[in-house]
Structures are given as C-alpha cells and as structure tokens.
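Here is the structure we will look at.
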Amino acid sequence: MSLIRNLLMLGVLGYSLSTAWANEGSILFYGATVIDGTGAPPLEDAALVVSDGRIRAIGSRQDVTAGQYDEAIDLNGKTVIPGLINAHGHVGGTYGLQTDQYNRDNLLRQLSLYARYGVTTVYSLGGDGPEGFALRNEQDHAGLDRARLYVAGPVVTGRTEAEIVRQVNENADRGADFIKVRVDDNLGRTPKMPRELFDRLLEQAHSRRTPLAVHLFYLDDARYVLEAGADLIAHSVRDLPVDDSFIDLIKSSQVCYIPTLTREVSTFVYESVPEFFSHPFFRQEVAQSTLDTLTEPERMARMANSSMAQGYKAGLEVAMENVGRLAAADVPVAMGTDSGPPARFQGYFEHMELSMMVEAGMTPMQVIRSATGVAADCMGNAMIGTLEPGNWADFVVLESNPLDDIDNTRSIESVWIAGNRVPDSD
C-alpha cells in the first residue's frame, strides 16, 4: 500500500473523516442531474443541501428531508459534478508569459482563475514558496471562494546525499503535502539524478512521512521508482508502450498515474496558430497580448524547427496509447496537466486534458472520476472530490451533461466552493 493511503488512514495528512456543520445558512440546490464523483449512476432530479461550507444531505428530491432553507436554487435541466481536481499543476510563478512572478497576489489571481474554470483544487507539485504554504494553511473555512491549494515546496535537486536530506527536511518542516523530484534527462540534454541519490531521497521523504511524487519520462525509470516505493507517477511514460509487467507492478503498488497530456501539447502546439486560440471558452481569460506574442512568426518558426519540440510531439503519441491501456486495466489515473508555466494555460488546459483522455480511450465517466473522486483518493484527500455528506461543497453546475460529450464540462453555469459561488472575473 502506498504511503499516501497509509498516511490518510493514520490521519497524518491532516484530513479528518469526521465533521460537523451548523444548520444556519443552509442552501438547497434542487432539480439537477448529479454525477457525484463516486462512480455511482447519475442521480436525476436531485437535491443537495449545503450548510457551513459542507454538504449536509444529497439524494433524490423526494428522499431528502424537507426543512427550512435560507435559499433554494432551481437547477432544473442542469448537471452538477464535483469540482475538478488538478493533481499536477503549478501555481504562482507566471503572469502572462512572464516568469518570476511568485507572490501572494499572483497566487490568488491564479487560484481564482482556476476556480472560474471549475478547477476547485490544485496540487502544485514544485516551485512553491512561503506564500503558497500560507494560502494552503488558510483555506480550511466555510468562506472560501477560490481554488484550494496544496503544495510540494521547491523541487528537490540536490547533487549529494547531504543536499538531498537538507532539501527534503526543509520542505517537510514547512509541512509540504508532497516531496517532488525529477528523474529525467530532458531528452538526453541534462544529467539524470543517479539512482543511489533517488533511493536516499525516497528514504528521507518516507522517514518524514511525506509522499514522493516523481517526474519521469522513461518506462525503465517508472519501473525503478515503483519498485523502490515511490508514491505518485506525476507524468506519462512517453518513450515506450507500457507492458503487462508494468501494469501488474503499478497495480500491486497501488500508485496513481497522472498523464499530463497537455504538458506535451504545450511543447509543440505553438509552431502554428492553435485552433483553440479562437474558442470563446479559452479567450475569455487570456490577454490578447499573450496571443500576439505566441503567434509571432519568428517564435513559431523556432518551435517548428526545435528537435526537442518534435521529440515531445512523438512522446505524446506514446503517452496517449499508454493512458488508454492503463485505464482499461483499472490503474487509477488522476487528471493533471502541469499547467502554470508560460503558455500552459490554467483552467482551459484542464478541460483540454479531459477531452484528450477521452480521445485516448477513456469513457466520459472514467474521465470525470479521474478529475474528481479518483484524483482526491490519489492525493490522499478525503474531504473533496465526491459529493457526499460531510465533504466540502465544491461543485460545478453545467448547462449540458458531460456524459453525453466530455466537452460539456465547458458549459459552466456556475462554480461553488465551500458553498460559495465563485465570483466572475473583474
């Protein structure tokens, strides 16, 4: 059993399975079709009662006990899903296409942006500073109206055992939700962390009772880190098709797999003008100056002629095949995008990821689960991801049913976090 599940059972990650709520300030949402994130069949003509930021009751309208509510909201003809969870994003460092913008205001701006797109929780796997830890520590309350944030701190990059131990301890001392490490050579361009250092890093992370998320590319490395005891595969295997022995290994390890397909897209798609640049759902949150920069002819030509971009384009084809095979084998696949760095557009890329996962062979229900209940379980968080009594009331109201077409996740009517409607952009 992975460390994530062990820590959840022991309560070390700080998520309690017990809760209490007050009846004051209750809101009744009624009439929608609810996909609750558990994998259960959709609930027609449902009623959802929220108070004190949490779900108090959920069921068919005639089965939910009648009571006095401060507000009743008619959702007839609409579909409700749990708030989307990005199991691998990055928050805080980018503004437009500029980097080195890590500050509290920019973190809040990005968390509000994610929320408007229905992404109500983000696991920021690397690059997190004190401001991110502070916001993580402030979010457990019924007044929240921006995306929840969980953090890994700086990526561990030490070149000696002493450096690795120090960096792991610094992140653990801050209360990191994960330790993040890269086991990759950037398509042969940089040295890869030696395995003896990885082993020491894993040992130290587990000694601090903090799960380890691994950035990787190659199938051989994925086998190694699973056999060593890593807790989360944070990217796709992109060099070779996964085989039966790997599938058996990841299933027996109870480790989750995060595809980040749109990360690959971002490495080559700007070699020409992407089709999605004309989509209103994309354009509603992107500055025209950003699009103008990305479509400069010289910039597009450099990407078109980049051997690295073409290498990642080929890797995407392998990644897509692997996602389909792993999902068919019931390996837990959690939605993640690696969004946050420049030109990996937060919010929109999560919906693109959902569409690509269906294209890779997953059903719409599997994909919704991957971004809700499965993602919450993979990240060891029992209070989000499913619409069940006691959980935070984080959900998205859609105009159309995503089980009919996964792109209907884009038909957002409203987003609710802790029972609070997420404000529109200024």
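The table that follows gives values for the structure above.
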quantity: Two-site label geometry, A328 and T38: point separation in nm, points 7 Å out along Cα→Cβ; calculated: 3.0 nm
quantity: Within the chain: Cβ-based charge dipole about Cα centre, in debye rounded to nearest 20 (Lys, Arg +1; Asp, Glu -1); calculated: 780 debye
quantity: Computed label-point distance, nm, for sites S278 and D63 using a 7 Å Cα→Cβ extension; calculated: 4.7 nm
quantity: Using a Förster distance of 35 Å, the FRET efficiency for D140-Q101 (Cβ separation, nearest 0.05); calculated: 0.85
quantity: Gyration tensor over alpha-carbon atoms, the range 138-230, equivalent ellipsoid semi-axes in Å; calculated: 27, 16, 12
quantity: Largest to smallest principal axis extent of the C-alpha atoms in the chain, angstrom; calculated: 63, 51, 43
quantity: Gyration tensor (alpha-carbon) shape descriptor, the range 259-327, a/c threshold 1.5; calculated: oblate
quantity: Listed residues S266, S411, S207, most fluctuating in the chain (Gaussian network, C-alpha, under 10 Å); calculated: S207
quantity: Measure of compaction for the range 327-426 (Cα Rg per 2.2 N^0.38 Å); calculated: 1.10
quantity: Relative contact order (percent, whole number), the range 275-383, Cα cutoff 8 Å, 6+ residue spacing; calculated: 23 percent
quantity: Rg over Rh [alpha-carbon atoms, Kirkwood Rh] for the range 85-200; calculated: 1.02
quantity: Using a Förster distance of 60 Å, the FRET efficiency for D407-T190 (Cβ separation, nearest 0.05); calculated: 0.95
quantity: Two-decimal ratio, the range 325-370, of alpha-carbon radius of gyration to 2.2 N^0.38 Å; calculated: 1.19
quantity: Alpha carbon convex hull of the range 228-299, volume per residue in cubic angstrom; calculated: 155 Å³
quantity: Mean Cβ count within 10 Å, highest first, over the residues of peptides 339-349, 182-192; calculated: 339-349, 182-192
quantity: Point-to-point label distance, E227-S207, nm (Cα→Cβ direction, 7 Å offset); calculated: 2.4 nm
quantity: Accessible area of the chain belonging to carbon and sulfur atoms, whole % at 1.4 Å probe; calculated: 48 percent
quantity: Per residue solvent-accessible surface (Å²) - the chain, probe of 1.4 Å; calculated: 39 Å²
quantity: Cα gyration tensor category, rounded, prolate or oblate, for the range 37-147 with a/c compared to 1.5; calculated: prolate
quantity: Helical contribution to [θ] at 222 nm, DSSP H n ≥ 4, -39,500 (n - 2.57), averaged over the chain, rounded to 500; calculated: -10500 deg cm²/dmol
quantity: Phi-based couplings in Hz for the range 114-130 (Karplus 6.51, -1.76, 1.60; Gly and Pro marked x); calculated: 3, 4, 4, 8, x, 8, 9, 9, 10, 9, 8, 9, x, x, 8, x, x
quantity: Theoretical gain in end-to-end length, E399 to E317 [0.36 nm per residue, Cα-Cα removed]; calculated: 26.3 nm
quantity: GNM flexibility winner over the chain from G126, G229, G96 (Cα, springs under 10 Å); calculated: G96
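The values are calculated or read from the model by the stated rules, or taken from the named source; none is laboratory data. The model shown is predicted, which means the values in this text are computed figures rather than measured ones. As a convention, Cβ positions derive from the backbone with ideal geometry for all residues, glycine included, and neighbour counts pool all protein chains shown. Protein only, heavy atoms only, side chains kept; ligands, DNA and RNA dropped before computing areas. Shrake-Rupley method; radii C 1.70, N 1.55, O 1.52, S 1.80 Å.
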